[in-house]
Amino acid sequence: MKIEKKNMELIDLKNLLNYSERIKEKDVTFQKLMFFYKMAIKELETKIEIFKEEFKIFYDYDLIDHVNTRIKSPKSIVQKMKKKEYKLTYGNMIENINDIAGVRIICPLQKDIYSIKNLLQSIPGIETLKEKDYITKPKTSGYSAYHIILAVPVMLSSQMIYVKVEVQIRTMAMDFWSSLEHKMKYKPKEEPSKKKAKEWISCAKAINRLDEKMMLLNE
Ligand code: 0O2
């Protein structure tokens, strides 16, 4: 396929329905849409990997412990859309579900979270659409992390599109709590007892104290 740079245009992912018509596909299948999200994750993952290695090699510092990525399952997307009372259309999905592409960055210390966030936001071409600081303001469940919704540019053969990716940045301690809580309390259908919910909050607070102590020890 011939690439004509002059024809490059920036399109938003929500215009993909038109884009797809242009490539003469009448039905935009779920898998085709997921391709764009997968590519956005790849783009971002490479950049994060570069930061991780750069800090290790040039500053002798493990800024990032590890990175996990995932594409939200169709079931989970539909559940979220129903919960938020959106009509089940691809347009609504693209517009309103911000975490179809998810990247989770796990770092050692709380202060690293802000360094990583600043690094991500300094990448040319990547835009921040939304930020949520659940570190200074944890959720009522006790959940702590920094969330950013980024618009990640993906270069296609003839145009550039921006794809939403949710990045969750957490310390190892926060990740330990969240991963267990996600399995045992956040996702299960029945409501936990008040006593158990309180216990989770108290564990979250203990984790938070631990994070603060670790930061002091590091200084
Ligand atoms: P899953 O299974 O992890 O994908 P937005 O529409 O972007 O403004 P959103 O996505 O409704 O807001 O909410 P928010 O607060 O940004 O949270 C999104 C994700 O954060 C969740 O995704 C979870 O991954 C995580 N999260 C939020 N609250 C909790 C919590 O109390 N405990 C745990 N363990 N994780 C939490 P999903 O789609 O809900 O679930």
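Condition check ((1) exposed (fewer than 12 other Cβ atoms within 10 Å of the Cβ); (2) touching a helix residue (DSSP H, G or I) at 6+ places or on another chain (Cβ under 6 Å); (3) of a type outside the set (Lys, Arg)) across all residues:
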{"position": "47", "(1), (2), (3)": "no, no, no"}
{"position": "52", "(1), (2), (3)": "no, no, no"}
{"position": "55", "(1), (2), (3)": "no, no, yes"}
{"position": "59", "(1), (2), (3)": "yes, no, yes"}
{"position": "70", "(1), (2), (3)": "no, no, no"}
{"position": "73", "(1), (2), (3)": "yes, no, yes"}
{"position": "76", "(1), (2), (3)": "no, no, yes"}
{"position": "80", "(1), (2), (3)": "no, no, no"}
{"position": "87", "(1), (2), (3)": "yes, no, no"}
Could you tell me whether any residue of the stretch 110-117 is at pLDDT 95 or above, crowded, with 19+ Cβ neighbours inside 10 Å and among the acidic types (Asp, Glu)?
yes
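Scan the stretch 141-155 and give yes if some residue there is in contact with a strand residue (DSSP E or B) (Cβ under 6 Å, 6 or more places away or on another chain) and within 27 Å of residue 191 (Cβ to Cβ), otherwise no.
In the first step, residues of the stretch 141-155 are kept if they are in contact with a strand residue (DSSP E or B) (Cβ under 6 Å, 6 or more places away or on another chain); the result is 145-154.
Checking which are within 27 Å of residue 191 (Cβ to Cβ) leaves us with 145, 147.
The answer is yes; a qualifying residue exists.
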Give me the pairs, please: first residue somewhere in the stretch 65-83 and more than 14 Å from residue 34 (Cβ to Cβ), second residue anywhere and part of a strand (DSSP E or B) and among the aliphatic types (A, V, I, L, M), beta-carbon distance under 6 Å, and either six or more positions apart or on two chains.
65/106; 66/106; 67/105
Please specify each residue of the stretch 84-125 satisfying the condition of being free of Cβ contacts under 8 Å to residues at least 60 places away in the same chain and among the β-branched types (Val, Ile, Thr).
89, 97, 113
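Select from the stretch 89-102 the residues that are polar (S, T, N, Q) and under 14 Å from residue 30 (Cβ atoms) and write down the one among them that is surrounded by the fewest Cβ atoms within 10 Å (Cβ to Cβ).
In the first step, residues of the stretch 89-102 are kept if they are polar (S, T, N, Q); the result is 89, 92, 96, 98.
From what's left, under 14 Å from residue 30 (Cβ atoms): 89, 92.
Values: 89: 11, 92: 14.
Checking each candidate, the answer is 89.
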How many residues, within the stretch 78-90, are assigned to a helix (DSSP H, G or I) and modelled with pLDDT of 85 or more?
6
Pairs under 7 Å by beta carbon, first residue under 13 Å from residue 115 (Cα atoms) in the stretch 160-173, partner within 14 Å of the ligand (Cβ to nearest atom) and outside any strand (DSSP E or B), six or more apart or different chains?
169/145; 170/145; 170/178
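Is it true that some residue in the stretch 204-216 is in contact (Cβ under 8 Å) with a residue 12 or more places away in the chain, assigned to a strand (DSSP E or B) and not small (Gly, Ala, Ser)?
no
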Would you check which residues across the stretch 188-219 are acidic (Asp, Glu) and surrounded by 10 or more Cβ atoms within 10 Å (Cβ to Cβ) and list them?
199, 211, 212
Check the stretch 10-25 and report whether any residue there is at pLDDT 90 or above and of a type in the set (Lys, Arg).
no
Specify the residue that is surrounded by the fewest Cβ atoms within 10 Å (Cβ to Cβ); the eligible residues are those in the stretch 140-187 that are within 15 Å of the ligand (Cβ to nearest atom) and in a loop (DSSP other than H, G, I, E, B).
140
Being over 18 Å from the mean Cα position of the chain (by Cα), more than 10 Å from the ligand (Cβ to nearest atom), aliphatic (A, V, I, L, M) and modelled with pLDDT of 95 or more is the requirement here; does residue 57 meet it?
yes
Here are 75, 130: which of them is assigned to a strand (DSSP E or B), within 12 Å of the ligand (Cβ to nearest atom) and not polar (S, T, N, Q)?
130
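The values are calculated or read from the model by the stated rules, or taken from the named source; none is laboratory data. None of these values were measured; they are calculated from a predicted model. Positions of Cβ are generated from backbone atoms using ideal geometry, with glycine treated the same way; all protein chains shown enter the neighbour counts.
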